[in-house]
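The values are calculated or read from the model by the stated rules, or taken from the named source; none is laboratory data. Just so we're clear, the structure is a prediction, and the values are computed from it rather than from any experiment. Cβ: placed from backbone, ideal geometry, glycine included. Neighbour counts: every protein chain shown. Side chains included, ligands, DNA and RNA excluded: accessible areas come from the protein's heavy atoms. Shrake-Rupley method; radii C 1.70, N 1.55, O 1.52, S 1.80 Å.
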Amino acid sequence: METIKYHIAQAISEASAKIWGEALAISAESIPDSLEYPPDTSMGDLAFPCFKLSRTLRAAPPVIANKLFAELSAKRPEGIGEVRIKGGYLNFVIDNRYLSGKIVREIIEKGANFGAHTFGNGKTVVLDYSSPNVAKPFHIGHLGTTVIGHSLKLLHEYAGYTCIGINHLGDWGTQFGKLIVAFHKWGNKETVEQGGVDALVALYVRINNEIEAEAAQGITTLADAARAEFTKLEHGDEENIALWKWFKEISLAEYEKTYKQLGITFDSYNGEAFYTDKMPEQVQVLKDKNLMRIDNGASIVDLSDYNMPPCLILKSDGSTLYPTRDIAAAVYRDRNYHFDKCIYVTSAGQSLHFAQWFKVVDLMGYDFADKLYHVPYGTVSIAGAKLATRTGNVILLRDLIANAVDKCRAIIEEKNPSLENKEETAQAVGIGAILFYYLYGNRVRDINFIMDDALDFNGNTGPYAQYTYARTSGILAKAGNFADMTSVNEMTATERELIKTLSLFPNKTKAAIDEMEPSVITRYAIDICNAFNRFYQECPIISCENEEIRDFRLTLTKCVRDILGRALELICVKHPDKI
Ligand code: ARG
């Protein structure tokens with residue numbers, strides 16, 4: 001689509017120079033972005049609106065359109081079969097030969113790489129995502145950061161970037177003081193070993209409840225004990241360090257199971273604790289640059305000039321905080337990876353935190369400050385219920401996945417009991433349904449997860465997209481060998497629409513990167529499915545008697561399979577050949 005837009009732009013620009021002279025000519029660069037898709041494709045494939053030009057050209061839009069029309073009909077842009085006029089619009093109809101010979105040919109030649117780019121070549125992107133807090137459950141709220149982050153990584157790689165995925169584990173902070181106290185009071189080695197992260201969560205929930213109960217009576221014994229244990233940990237107390245490491249191992253083993261199910265990997269697990277010895281240097285820079293102030297005993301950076309509350313750097317007891325660790329981590333990443341972008345995917349609830357420390361880094365004079373991006377996303381609830389770790393009111397991701405997979409198993413048993421790889425398929429469809437549902441809407445929108453909607457084969461869902469993919473695979477398997485056919489003169493309207501939809505893949509991958517929005521790809525996958533299923537309803541493929549047309553339709557089916565498959569991969573959704 002970009003090339004054809006370019007041809008149209010060149011032709012309009014040249015025609016305008018001829019009509020109104022060089023001085024008033026429309027610049028070719030300005031045209032591609034102003035081209036529109038007509039609401040009804042019977043009007044044309046691309047439209048050029050002349051309204052904005054009437055001021056400079058001192059003429060009514062239809063008059064401008066008419067003049068351009070006369071020039072362009074005499075000398076049509078490359079790839080354009082017909083130019084039409086409607087009011088102030090010029091409408092362009094793409095030539096069938098161009099659609100098959102250029103666009104379909106290019107897709108066939110590039111296969112699943114059709115949507116790739118080179119603009120990231122030689123550049124590095126660091127992506128900080130998932131990053132759960134150790135000894136806390138991996139609940140459905142973490143799915144957002146995990147899949148948005150991983151999808152952004154895959155998209156950037158597809159555009160040529162070198163990507164480093166970092167799981168910035170929340171493995172430091174006062175919660176470890178609480179856990180150590182709780183473990184000594186109510187836990188033991190055996191129960192935690194057996195219960196895994198669930199046992200740790202139970203301890204964590206219990207101590208939080210008891211601290212709250214104490215606070216209600218004005219008592220702070222447990223809270224004080226927790227603080228003391230964390231201080232010991234910070235000072236390298238051997239016993240506490242060993243416990244902390246063990247809590248971390250137990251939690252990681254559990255997270256790994258989830259990552260494996262989702263097909264997600266990381267290049268680094270350097271969590272918050274990793275930066276312990278890297279923070280003093282940054283605290284010193286803050287001091288040297290006179291950016292820090294003592295406020296109620298704590299060290300802060302005042303941000304009132306930027307309409308933000310102060311950024312907390314050190315507590316009154318000298319211990320570091322979440323922003324301190326993020327600042328040290330950013331400097332470390334800049335030095336080690338020389339990133340062109342460093343992307344942080346977290347819930348929108350952390351937007352202020354990122355805005356604050358991004359500003360602090362800027363004030364510290366680090367020139368990578370403008371390469372930091374916070375990518376927020378909305379909250380998740382299930383049937384309206386909000387979730388919170390502290391109270392234990394959470395829905396674990398593994399339970400959600402198990403539930404989806406169970407349902408898929410039952411559907412397969414009912415509809416296709418003879419399917420091979422039933423278990424693998426149930427996993428792929430169940431997990432795919434959840435991921436697709438998550439990545440369908442704009443990321444900042446809040447999600448209310450409804451399992452039946454996510455699994456609806458007739459909705460805009462993962463199962464629908466996977467089913468369409470399996471349909472293309474089935475057709476191609478049944479057809480056996482055929483010759484790629486990319487030169488046809490006649491096409492049905494649905495074939496034209498399908499090719500045009502496929503041609504948009506590179507635009508979509510670029511838009512998804514520019515907007516840091518995987519949902520662009522999710523919705524595009526649905527566009528492909530709809531276009532393909534319309535084509536499938538209307539155009540006989542294997543049963544078509546004309547061999548050329550049959551081969552052409554099979555060629556289109558192959559293009560759909562390649563592009564749909566790659567689009568699904570980019571949003572972490574698997575695509576079995578049979579469902
Ligand atoms: N551990 C944090 C949480 O679960 C997310 C960390 C995000 N990354 C970062 N560099 N701050 O809320």
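Of the accessible area of the chain, computed with a 1.4 Å probe over protein heavy atoms only, carbon and sulfur atoms account for 49 percent. Would you list which lysines come within 24 Å of Lys478, measuring only between C-alpha atoms, while excluding same-chain residues fewer than 8 positions from it? Once the sequence-local lysines are set aside, what remains near Lys478 is Lys110, Lys415, Lys422, Lys558, Lys574, Lys578.
In plain terms, the chain from Ile450 to His338 could stretch by 36.1 nm, reckoned as 0.36 nm per residue minus the Cα-Cα distance. Charge dipole of segment 206-248 (Cα centre as origin; +1 on each Lys and Arg Cβ, -1 on each Asp and Glu Cβ, all else neutral): 180 debye, rounded to the nearest 20.
Divide the volume of the convex hull around the Cα atoms of segment 444-566 by the residue count and you get 112 Å³ per residue. Dividing the radius of gyration of the alpha carbons in segment 201-330 by their Kirkwood radius gives 1.03 for Rg/Rh.
Ranked by the mean number of other Cβ atoms within 10 Å per residue, highest first, peptides 485-498, 402-415 order as 485-498, 402-415. In this simple spin-label model, placing a label point 7 Å from the Cα along the Cα-to-Cβ direction at both Ala74 and Phe119 gives a separation of 3.7 nm. With the simple model of a label 7 Å out from the Cα in the direction of the Cβ, Leu352 to Ser268 spans 2.9 nm. A straight line joining the Cα centroids of segment 223-280 and segment 468-512 runs 49 Å. One equal scatterer on each Cα of the chain, no solvent, Debye formula: the resulting log10 I(q)/I(0) at q = 0.06 Å⁻¹ is -0.42.
Distance from the alpha carbon centroid of segment 29-54 to that of segment 129-172 works out to 39 angstrom. A dipole drawn for segment 349-507 from +1 and -1 charges on Cβ atoms has a positive end, and of Asn507, Thr468, Leu439 the residue lying farthest that way is Leu439. Highest mean packing first, where packing is the average number of other Cβ atoms within 10 Å per residue, the peptides 516-528, 455-467, 300-312 line up as 516-528, 455-467, 300-312. Once backbone amide H atoms are built at 1.01 Å from N, Lys86 has Asn91 as its partners under 5 Å, excluding neighbours fewer than 5 places away on the same chain. Applying 0.36 nm per residue to the separation of Asp198 and Ser30 and subtracting their alpha-carbon distance, the gain on full extension is 54.7 nm.
Going by the alpha-carbon gyration tensor, a ≥ b ≥ c the square roots of its eigenvalues, is segment 18-86 rounded (a/c under 1.5) or, if a/c is not under 1.5, prolate (a/b greater than b/c) versus oblate? Prolate, since a/c reaches 1.5 and a/b exceeds b/c. With contacts taken as Cα pairs under 8 Å and at least 6 residues apart, the chain reaches a relative contact order of 15 percent.
Solvent-accessible area per residue in the chain equals 44 Å², computed with a 1.4 angstrom probe and all protein chains kept. Ordering of 565-576, 333-344 by packing is 565-576, 333-344, highest average first (other Cβ atoms within 10 Å, averaged per residue). Overall shape of segment 164-232 was characterised from the C-alpha gyration tensor. The equivalent ellipsoid obtained from it has semi-axes of 23, 17, 11 Å, in decreasing order.
A cut-off of 5 Å between modelled amide H atoms, ignoring neighbours fewer than 5 places along the same chain, links His168 with Tyr129, Ser131. Segment 332-385 and segment 412-462 have Cα centres lying 31 Å from one another.
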